[in-house]
Amino acid sequence: MSEEGATRRGRPSFLIAIILIAIALSVAAFYYGVQAYLSGEDGTFFLLIGFSGIAFSAYMLMQTRKKPLRVVFKPYQIATTLLCQKCGFKNIREFQRGDYIFRELDECPKCNEQMMIASIYREAEEEED
Ligand SMILES: [Zn+2]
């Protein structure tokens, strides 16, 4: 059966069981409503319960087919590149508040010339922890 294959794909089986029970109860209610209608009684209430129950269960079953919503918030990693205009020394550090391109910052550790922010960019995301 294709149903077994779908379950093996990782659908929560307990949820499927609840839905199946709900479907069974809905079908029973629907059947009871039909029987009542055929015997001349008013079975509209059971027909309604049965029909909406089946519809709701079918909807739930479709929902379980979807992949669970996974919202992972990842903060951006912003890097600032410091560049010495004189000797070309490059230093990359984490972005700090107030950083802007062409801002003059610390002295170059090599030649003591003032370094400048050459670029600010978003670092490539890496899968960690
Ligand atoms: Zn330098």
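Brief remarks follow.
- Extension gain, residue 63 back to residue 38 (0.36 nm per residue minus Cα-Cα distance, nm): 5.5 nm
- Gyration tensor (alpha-carbon) shape descriptor, the range 79-129, a/c threshold 1.5: prolate
The numbers here are math on the coordinates, done by the rules we state, and not lab data. All figures in this text were calculated on a predicted structure; none of them were measured in a lab.
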